[in-house]
Every structure is written in structure tokens, then in C-alpha cells.
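Single-structure report; data block below.
Please treat every number below as a calculation from the coordinates, not as lab data. Nothing here was measured: the structure is a model prediction, and the numbers come from that model. We place every Cβ from the backbone using ideal geometry, glycine too, and count neighbours over all the protein chains shown.
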Amino acid sequence: MPQILIATGNPHKVEEIHAIFDMLPSHDRPHVRLVGLSDIPGGLAIPEPHEGELTFEGNAALKARYYSDMSGLPTLADDSGLAVDALGGAPGVLSARYSGLCGPRKVVDPANNMKLMEVMRGVPKELRGARFVCVLALGIPGVAQALEVTRGEFPGRLLLDAECADPGRPELGRGENGFGYDPLLWLDDAGCTSAQLRPEEKNARSHRGAAVRLMAPRIVALVKTGRLG
């Protein structure tokens, strides 16, 4: 069975992609073994590439090519983030580094969220539209271009400070599930934030779920033609 490396150091993304593949009907599910960087010899020692592209597509393709060459495995790379309408699509590709801090997610995520809520303070509800974006790219060793690229979006709006569980700590938003900006993205049709959805609910409608479901039949086709082993 061919292996595909999921090239991310974020364990939440690995878990989500595994779960989304598992939700697919058996006839649509690629017959591949998904592995993370921690599952391959020396995977965690691979230096992270510089993500200097200006688009999600550019960064996802860059990472797919880089990690496939470094690992010798077909590689599925993700670039994702939050695009806020009132900010012209920012933080966008800088979502994970928006605050300028580095370190563990338990430090960086609240700092990113706090900066976003501060920047958006005073913007009325009707102008707080935002969406999560996920782009997946599939690369294989020695091939200069990504074989496949898919994109998914997850629209909503940012909470107002007054709508947060603790208005004095708006960076915490609402909800305990998910990660990153999930507690800040309100979903009108669900009546909750992304962080208040159960994992299976989020995977069924999220940006990453949409991108994975678009990618799955392309992987199936590549396996059938022998391009992935």
C-alpha cells in the first residue's frame, strides 16, 4: 500500500486529515497509508522550509515539493489560515505568525487571537465577515511541480468582544474544541463558533474537510495509474 506523508508539525492538522479520510465512503477512500513526520525516520529533524510565497497555493506547493524531496515519499502539504474581509484578506498566509511570537501553540494562538480582536475592535458585526481557507498540494519526489492542488473555504464572521464567553478576554472567544482562530469564527447557520462544533461536525463542513474531499479522488486516480506506487 502506498504511503503518503502529511507534511506538518501541527498534530491537530494530522488528526483532522486522518479523520476526514476515515469519513469518506469506502469506495471513495484512497487505499494509502497516511503517515506524519513523527512516523518516518528523521522526519521531525527535517528543517522547516521558508514559507515566502504570497498565496496559500504557493506555500502549499512549496511545502509539498520540499517535503517529498526530503522524505522520498509522496507528500500532502497544507497551507491554511484566516482571511478577514475588512482586512483585505489578512492575516491570510501569515495567520500562524500574525502576532510575531514564536513558540508552542498554547502561547502563540492566544497572542494571534488577541492581536486580531484588537485590530478589529470597533468594526461592526455586518463588516466582520471572515473565512478559513485551506489549500492542499500533493507532491512526489523529483517532480518540480505539485501534482494536484485543491482549495476549501469555511465562511463565517468574527465575534464581537461582547459576544465572547468572557468579554474581558476576547482572545478566548467561545468554545473549547479546535485550535487557532476557531473560537473566534461565528457560524450563523449553526448558532455557534467553529470551536463549539463537535470534531465530526467540523470535519463535515470545514475548509480542510472540503479540500481533502476534493483531493481524495485525485489520489485514487494516481494510485490506479501507478504514479503513487
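Data table
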| quantity | calculated |
| --- | --- |
| Cα-based helix-to-principal-axis angle, 207-224 vs the chain, degrees rounded to 10 | 10 degrees |
| Size descriptor, Kirkwood hydrodynamic radius, that averages inverse alpha-carbon separations across the chain, Å | 18.1 Å |
| 3J(HN,Hα) from dihedral phi, region 11-23, Karplus parametrisation 6.51/-1.76/1.60, rounded to Hz, x for glycine, proline | x, 5, 5, 4, 4, 5, 5, 4, 5, 5, 4, 5, 7 |
| Radius 12 Å from Cβ of Leu228, net charge of other residues (Lys, Arg +1; Asp, Glu -1) | +3 |
| FRET efficiency, Ser26 to Glu163 (Cβ-Cβ, R0 41 Å, nearest 0.05) | 0.50 |
| Relative exposure of Ser71, Ser38, Ser206, Ser26, judged by other C-beta atoms within 10 Å (fewest first) | Ser26, Ser38, Ser71, Ser206 |
| Loop sites in region 156-192: GluC sites (Glu not before Pro), DSSP, at most 14 other Cβ within 10 Å | Glu176 |
| Region 190-205 - phi-based ³J(HN,Hα) in whole Hz, Karplus 6.51/-1.76/1.60, Gly and Pro as x | 8, x, 7, 8, 4, 6, 9, 6, 5, x, 5, 5, 4, 5, 6, 10 |
| ³J(HN,Hα), Karplus 6.51/-1.76/1.60, whole Hz, each residue of region 69-86, x for Gly, Pro | 5, 6, 9, x, 10, x, 10, 9, 10, 10, 10, 8, x, 10, 10, 9, 4, 5 |
| Computed log₁₀ I(q)/I(0) - Debye formula, equal Cα scatterers, no solvent, region 20-86, q 0.12, 0.16, 0.20, 0.25 Å⁻¹ | -0.43, -0.71, -0.94, -1.12 |
| Estimated inter-spin distance, Leu54 and Val123, nm [label 7 Å along Cα→Cβ] | 2.1 nm |
